[in-house]
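Asker: Take this structure, written in structure tokens, and hold onto it; I'll ask about it next.
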Amino acid sequence: MDAITALLIIAVVYAIGDFVSQKTKAIFSMLFVSGIIFMVAFWFGVPKTLFEDAAIVKLSLALIPTLMLHMGTLMRLKYLRRVEDRDHSIKRHSICEHRSVSYRISRHR
């Protein structure tokens with residue numbers, strides 16, 4: 001299969017997945033719907049080398065670090081500090097609960 005046809009198939013599947021996700025208000029995510037479509041398509045004879053034929057694998061190796069860097073620059077430090085503080089309080093709470101339960105169990109023996 002040539003690269004343009006493979007890329008077109010992948011784009012159509014992702015478009016269908018996005019359309020279903022929007023119509024169901026993300027009850028069924030785009031990745032879930034696309035995954036199901038790809039699974040059925042591979043069962044019914046679409047070549048298993050579809051992603052290699054579209055040259056997406058090589059492209060993704062170059063784009064993933066760039067996208068991760070971009071997503072990291074979108075985060076606000078103020079929000080990250082607030083999340084970090086909340087995580088620490090959750091950890092403290094869970095440790096106290098664990099100690100309390102352990103103490104109650106040891107008292108019953």
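We did not get these values from a lab; they are worked out from the coordinates using the rules stated. Bear in mind the structure is a predicted one, so any value in this text is a computation, not a measurement. Because the Cβ atoms are built from the backbone with ideal geometry, glycine has one as well, and the counts that use them run over all protein chains shown.
Asker: Which residue, of 6, 26, 15, 54, is under 18 Å from the mean Cα position of the chain (by Cα) and on the phi < 0 side of the Ramachandran plot?
Answerer: 15 is the lone residue from the list that is under 18 Å from the mean Cα position of the chain (by Cα) and on the phi < 0 side of the Ramachandran plot.
Asker: Restricting attention to the stretch 29-51, report how many residues are among the aromatic types (Phe, Trp, Tyr), under 17 Å from the mean Cα position of the chain (by Cα) and within 24 Å of residue 3 (Cβ to Cβ).
Answerer: 1
Asker: I need the full set of residues from the stretch 41-59 which are without any contact (Cβ under 8 Å) to a residue 24 or more places away in the chain and surrounded by 14 or more Cβ atoms within 10 Å (Cβ to Cβ), in order please.
Answerer: 52
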